[in-house]
Amino acid sequence: MPADAHVFLQDHSRFVFSDLPRPYRGLHLIRDPRDVLISGAHYHGRSGEAWLHVRQARLLGRSYQQAIRGCRSLADAIAFEMRHEGGRTIREMLSWTYSNPLILEVKYEAIAGGEGMKCMADIFSFLGYSQDALPELLAIVRGVSIFRGGADCLGHVRDGRAKQWAQVFDERLKALFIGCFDDALIRLGYEVNHDW
């Protein structure tokens, strides 16, 4: 983290907390793992990110993008994600320490839902922004939020809706997910049992 940074963004929960200056406040955002897999299957098949185009021995000499594009169906691409990058992301969500009082834990679905702006106001307050700053901050959020028809974050976003998995996961994908991640959805608070 740059020494003079006041705001620091890190993806994939890869923080080294000892590198953060004290005091700090943070936000940890998670998304339903099933939707993470769907998003990854689409994004990794079309992105220009350099790592996606590097040939890998573990993928029989293909690049990640070639491998995922070689899947016969979206379901097969989701299964591929479970075994690779999407699976790594889910394991990182599961290994995160959720008890740090200096980190606000938020689900993507809370921001994407009807109470999204209230959730954003709560986030800004937790992070230490003054009440006077909230109207301007929330105006910025309204202008760039994918849920309010705003900017598309340089082409990264395909569809920001929550619960896309309900239209995509069949019994085979469900069984594969449970086989790979067991009670992940229960531990992360997305389900209460395996009957989803």
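Taken together, the values in this text are just the output of simple stated rules run on the coordinates, not laboratory data. Keep in mind the model is a prediction, meaning the values are calculated, not measured. Don't worry about glycine lacking a Cβ; one is built from the backbone with ideal geometry, like all the others, and counts go over all protein chains shown.
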- Item | Rounded tilt (10° steps) of 134-144 against the dominant C-alpha axis of the chain | 30 degrees
- Query: Expressed as an acute angle from 0 to 90° and rounded to the nearest 10, what is the orientation of the C-alpha long axis of helix 171-181 relative to the principal long axis of the chain?
  - Reply: 60 degrees
- Task: For helix 85-95, report the angle its Cα long axis makes with the longest principal axis of the Cα atoms of the chain; keep it between 0 and 90° and round to the nearest 10°.
- Result: 50 degrees
- Message: Could you give the length gained by full extension between ARG55 and ASP76, i.e. 0.36 nm per residue of separation minus their alpha carbon distance, to one decimal place?
- Response: 5.5 nm
- Query: Stretched out fully, how many nm does the piece from ALA166 to GLU191 gain, at 0.36 nm a residue minus the Cα gap?
  - Reply: 7.7 nm
- Which distance in nm do the two modelled labels at PHE8 and ASP122 give, with both placed 7 Å along the Cα-to-Cβ direction? 2.6 nm
- For LYS174, list the lysines whose Cα falls under 17 Å from its own Cα; do not include residues on the same chain fewer than 8 positions away. LYS163
- Which peptide among 114-120, 73-79 comes first, and what is the full order, when sorted by highest mean count of other Cβ atoms within 10 Å? 73-79, 114-120
- About its Cα centre, what dipole magnitude does the chain give when the only charges are +1 on Lys and Arg Cβ and -1 on Asp and Glu Cβ, stated in debye to the nearest 20? 620 debye
- Note on the structure: Mean separation of Cα contacts under 8 Å (at least 6 apart) over the residue count of the chain, i.e. the relative contact order in percent, is 26 percent
- Item | Fully extended contour minus Cα-Cα distance, from ASP182 to SER95, at 0.36 nm per residue | 29.9 nm
- Query: Can you give the helix-only mean residue ellipticity at 222 nm for the chain, where every DSSP H stretch with n ≥ 4 adds -39500 (n - 2.57) and the sum goes over all residues, rounded to the nearest 500 deg cm²/dmol?
  - Reply: -12500 deg cm²/dmol
- Placing one equal point scatterer on each C-alpha of the chain and summing with Debye, one gets log10 I(q)/I(0) at q = 0.09, 0.10 Å⁻¹ equal to -0.40, -0.50
- Task: Compute from the Cα atoms of region 1-101 the Rg and the Dmax, the latter being the longest Cα-Cα distance, and quote both in angstrom.
- Result: 16.4, 50
- Task: Name the most mobile residue of VAL106, VAL141, VAL16, meaning the one with the largest mean-square fluctuation, in a Gaussian network model of the chain with Cα contacts below 10 Å.
- Result: VAL16
